[in-house]
Every structure is written in C-alpha cells, then in structure tokens.
Amino acid sequence: MIEIRRILCPIDFSDYSRRALDHAIAIARWYESTVTVLHVFSTAPVAAVGPGPVVLEPIVLTAVDCDQLLADTKAFAQTESAPGIAIEAVVREGNTAGEILEQADTMKAELLVIGTHGRAGFERLLLGSVAEKVLRKASCPVMTVPRRLPDAVPAGPVLYKRILCPVDFSESSLHALKYAISMAQEADGQLTVLHVVAHEFEYEPDVAYHTGMRIGDFLKQREEVLRRRLQETIAGTHEFCSVESLITQGKPWSEVLRVAGERQSDLIVMGVQGRGAADLLFFGSTTQHVVREASCPVLTLRRG
C-alpha cells in the first residue's frame, strides 16, 4: 500500500542511535529499502587562544579526518546490518539538525529514523534539540526511537505486532492510518484504531440550553455518531490486517499513552496537523506529549 525505498538514519555512535539504526534496518527488510547512515560532524566554533580579543574559529575537518569518520560510520553501520539490506554511509559537516534535514531533502528520504536520548526534568521538556528540530521541520515521515528500547534486528524480521493509530478524522490522521495499515499487514499484526473524545462540556445547563438535551444523552448520541464514523473509516481494513476500533474519553495524549500501555503497543503511528506560528515552537500538544512519554517508537506523519 505504501512504498519506503529510502530511509535516512542519523547516528552519533551512541546506543541511542544504535537502537534507531536497528529499527531502520528492520523496516528496510519489509520494504526492500536502502538505508543511508548519516553522521554529522558539528563545526561549532572554538575560542582561539592568544593576545588580543578572543576569536571564535570553526572546527574544520581535514581530508584524513573525513576519511576516518566515514570509515567509522561504515563500521558502525555494518555491526547492525542484516543480510540483503543495502546500506550506505555519509558524513557531513555543519549544524547537526540542519544537515540532517538537508540530507533528507537531497536524497528524497521517505522515512527518517532518529533516536531520542531521553531526559529528566527541564531537559526532558525539550526532548533534545536535534530531535525536536527534525520533528518540527522534516517534510518526510519521522520515527523517533526512545532509549531503553530492545534491539530490533535480533528479534527477527517481524516487528510492531501491536500497532496503535489515533485518528481524529483529519487529513493528516487518515494519511497516518494508511501507513499503520501497511505496517500491520507487513507484520501480520494487530492494529488498534483509536478515537479520543475530548471533554469539552463542563456545565450541563449550557448543553441543555444549546441542544435541548441532558449532557448524558448528548454525549451518548455524539459517541454513537463517532462510532459509526470510525467504523466507516476502517471499512475494508480487515482485508489487510487484524483491526479493532476503540473510542475513549479524556485528554487525547493521555488516552493515547494509556491505551498504548494497556495494549503493549510496539509502535504508535499518528498524523501531525499543519504548522502555524505557535506550532513552530510546539509541534502539536498531543504529538509532543506522546513522543516525549511513549515507551515505544512513534511514527509521525504530516498530512498527505
């Protein structure tokens, strides 16, 4: 149903990026993709010591340095490789997030897989500057792989046996559903399609005034309408994979995380709405919370 021919996986030689590469390679198995392993050497300036004012000079790699970094990147990739998977290594210099995004555009990547370092306290709110910038600005689908996740490659060719896809019937969420169906089909897995009804009404008199109904009757009627719409949305999906539909109530991000935990989901696939000025800082409150808190990989997609 979908094609993923070119996968980009940035690495920094850490265990976090090693786990991300595991998942990139595992997905490449399914879709017969080429995996590009990218290492970006940051050219952050350093202070030049000497008489007079402090001068900041950028770090410049020599040709020998570049050759060594490329060799290290290839060696790193080969330790996680699997038979039959085409892997290429690339080294770039510059701003890490900027170079990742430029490489994704240059190679027309159809998936970008990046590891998140995971943080506590204030740093956790920022997710990590590189991952955050990539999530906000990448034009292709992005899979974030959290820390402490088991390696994917040794587990065999089947991953993501339990996939959760939240939908709000927007164009972006329906686009994400196509990916979720395809991946569930490849894994012969279980797909749960979730719609969360947000609590919007606090005062029963207001509901009674505008609708002529008690709030309990109104919410019951609205849920029934949504249930029929959800069934229409997943109609025909049973031909491709095992699927269940689920409607819950509460805060969308909290319910997504709760259901993912209860279902022991291996992957969350979700659409991201188009960006406004505020979204450039916070790439969608639901997506933001889910990516920060999820214990499984999260695949985020812009609207189709």
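Where a number appears in this text, it was derived from the coordinates with a stated rule and is not lab data. Treat the numbers as computed from the prediction; the structure is a model and nothing was measured. With ideal geometry, Cβ positions are generated from the backbone for all residues, glycine too; neighbour counts draw on all protein chains shown.
Observations on the structure shown:
- Gained length - VAL197 relative to ARG222, 0.36 nm times residue gap less alpha-carbon distance: 8.1 nm
- Between ASP67 and GLU3, full extension at 0.36 nm per residue minus the direct alpha carbon distance yields a gain of 19.7 nm.
- From least to most packed, judged by other beta carbons within 10 angstrom and beginning with the fewest, MET270, MET183 follow the order MET183, MET270.
- Protection proxy ranking, peptides 291-299, 61-69, 86-94, average beta carbon neighbours within 10 Å, highest first: 291-299, 86-94, 61-69
- Full extension of the segment from GLN264 to HIS238, taken as 0.36 nm per residue of separation minus the current Cα-Cα distance, would add 7.3 nm.
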